[in-house]
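This report refers to the structure that appears directly beneath it.
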Amino acid sequence: MRHQPTEEGFVMRVIVVGAGSGGATFAGRLAQDRRHEVVLVEAGPDFGRFDAHGWPFELLDSRRIPTTHDWGLENQDPGSPRSYRLERARVMGGCSSHNGCAAVRGIRSDFEKWSEAGGVDFWNPDEFLEDFAAVDRALNVRTLPFEEFSPYQQDFYHAARAAGIPHSDDINDIDEGVGVSICPMNKKGGIRWNAAFGFVDPVRGQDNFSVEANFEVAELLLDGRRAVGVRGFRRGEPHELRGDYVVLASGAYGSPMLLLRSGIGDPATLGEAGIELRHALPGVGRNLQDHPAMALTYRAQGRLIGRTQAHEQLRLNYDEGTIVKVRSPFAQNPFDMHIFSVGGRTPDLQDWYWQVYVGLLNPRSRGQVRPVRKDGSLHFAIEHSHVTDLEEIDLQALAWGVAEARRIMSHAPVADELEEIVPGVGMGDDKVRDWIRASHQHYYHPASTCSIGRDPAAGAVVDGHGRVHGLDGLMVADASIMPFVTTANTNLPTAALGHRLARKFDAIQEIARD
């Protein structure tokens, strides 16, 4: 279908559903070119431009992760009585308005695998670096001076070096392996600089760009095999938008949920949930990946609290900052694990906490997002199914990572300041695996539920350019299209893929016409 300019002079009206790291970046970048009318839809509130001073303080304060404007999602694996929160932000900027601001890219093989899966060279790492560079500029990504970070972050860095971990010259060098560094952050003067500030604010006021906030999309509008709009509720009232092209960017949970609600997915799964099949695509909601993580908790024994209080008098105390990249015996990449320190004042500011996280970056286990009919209503089960791979490689790798974290923490200066209380110094290596099974959590990086691939029958949902297989006028531009989750935090890669898909949008349309 060849689109002619509208009466306003735009080639297409593009509806972007979801204003998170992928969606806000995609919409803002596409609107920059002024060829298309872009409508950005967000289920949560939009507090306007940063310089309008309407944003709540907790969403701006980069010292700690906020808890407001959350979707309230939970993970519960089949056959397990345990559930835990899956923090996702329902607000302009999405999880870029909620995160710890670690701005990390991943490694070369991540993006080579994306291209290989899609059968195109679209994600060529050397070209993709142009998009990362653009995102860095827009999100104010920079590495702060070492002395800006809290005594705990500095001590953890020195302990890792004492444990033999080399210094990382550039943690965002996609060819670098094991190392420790204060990681780059998307902060500006203590402000969490989210994707809305970086990409939406520059195009607000343009005649080709608008925001539809507080609009929760319930389903896609289809005309045969073409997406022609979205329908849902805005502030509780029925509402729909129509356009020439729809881009889903509701995240690794939200994008498959929207496809499934619209009758796009596995016929058997949809039938069990009482959803009418509109388009068979078995991979929707499958292949869910995140980085399973463990949290070791400590009690301050020495001067750490006093040093931190003194530091607070001079500088902001960030909860996060230092990341160690390590390689387990099970790794297939230059490194496969993050060990990082988190600590400072508790959210109520009345106490202190000190933790070390171990995150496995290349998990073998796979989960799913699936629709279920319960008490006559449609719900969605989110099942990460961490550490369930049959060979138990994920479990063994995490156990190795816990031992490595303990080894780092056995070195000065942290060894002189902190005492392990969870899982506890009395827990030997023989019991750690049971603790991992019972206490694992997520690293806030869900991905891969609308995966890139060539064969829909084999589970691919989108092609190598993000277009939904078998449907016209429909693209996905968020972490759900990653066939493999990145060997890093996902905020920066998600923004970069949104940027690339928008920057190449017209070229992608030409490919579709050929």
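For the range 97-108, does any single residue satisfy the condition of being farther than 28 Å from His386 by Cβ and of a type in the set (Lys, Arg)?
Within the range 97-108, not a single residue is farther than 28 Å from His386 by Cβ and of a type in the set (Lys, Arg).
With Ser96, Ser109, Ser80 as the choices, which residue is out of contact with any Leu (no Cβ under 9 Å at 6 or more places or on another chain), assigned to a helix (DSSP H, G or I) and not aromatic (Phe, Trp, Tyr)? Walk me through how you get there before you give the answer.
Working: Ser96 fails: out of contact with any Leu (no Cβ under 9 Å at 6 or more places or on another chain); Ser80 fails: assigned to a helix (DSSP H, G or I).
Answer to the check: Ser109.
Take the residues in the range 180-189 that are over 13 Å from Glu320 (Cα atoms) and either surrounded by fewer than 21 Cβ atoms within 10 Å (Cβ to Cβ) or of a type in the set (S, T, N, Q) (or both); name whichever of them is modelled with the highest pLDDT.
So the residue we want is Lys188.
Taking the condition without any contact (Cβ under 8 Å) to a residue 24 or more places away in the chain, farther than 26 Å from Glu147 by Cβ and surrounded by fewer than 20 Cβ atoms within 10 Å (Cβ to Cβ), does Glu272 pass?
No; evaluated as a whole, the condition is false for this residue.
Residues being surrounded by fewer than 24 Cβ atoms within 10 Å (Cβ to Cβ), under 30 Å from Val180 (Cα atoms) and not basic (Lys, Arg): count how many of those fall in the range 345-386.
Residues in the range 345-386 being surrounded by fewer than 24 Cβ atoms within 10 Å (Cβ to Cβ), under 30 Å from Val180 (Cα atoms) and not basic (Lys, Arg): 10 in total.
Going by the structure shown, is Thr487 closer than 23 Å to Asn194 by Cα and in contact with a Leu (Cβ under 7 Å, 6 or more places away or on another chain)?
Spelling it out, Thr487 is indeed closer than 23 Å to Asn194 by Cα and in contact with a Leu (Cβ under 7 Å, 6 or more places away or on another chain).
Specify which of the listed residues (Glu116, Glu37, Glu87) is farther than 20 Å from Asp478 by Cβ and either in contact with a Phe, Trp or Tyr (Cβ under 8 Å, 6 or more places away or on another chain) or buried (at least 22 other Cβ atoms within 10 Å of the Cβ) (or both).
Unique residue meeting the criteria: Glu37.
Which ones in the range 233-245 are crowded, with 20+ Cβ neighbours inside 10 Å and either within 15 Å of Val468 (Cβ to Cβ) or not aliphatic (A, V, I, L, M) (or both)?
First, the residues of the range 233-245 that are crowded, with 20+ Cβ neighbours inside 10 Å: 241, 243-245.
Once the filter is applied, which keeps residues that are crowded, with 20+ Cβ neighbours inside 10 Å and either within 15 Å of Val468 (Cβ to Cβ) or not aliphatic (A, V, I, L, M) (or both), the range 233-245 yields Gly243, Asp244, Tyr245.
The values are calculated or read from the model by the stated rules, or taken from the named source; none is laboratory data. Not measured: the values here are computed from a predicted model. Don't worry about glycine lacking a Cβ; one is built from the backbone with ideal geometry, like all the others, and counts go over all protein chains shown.
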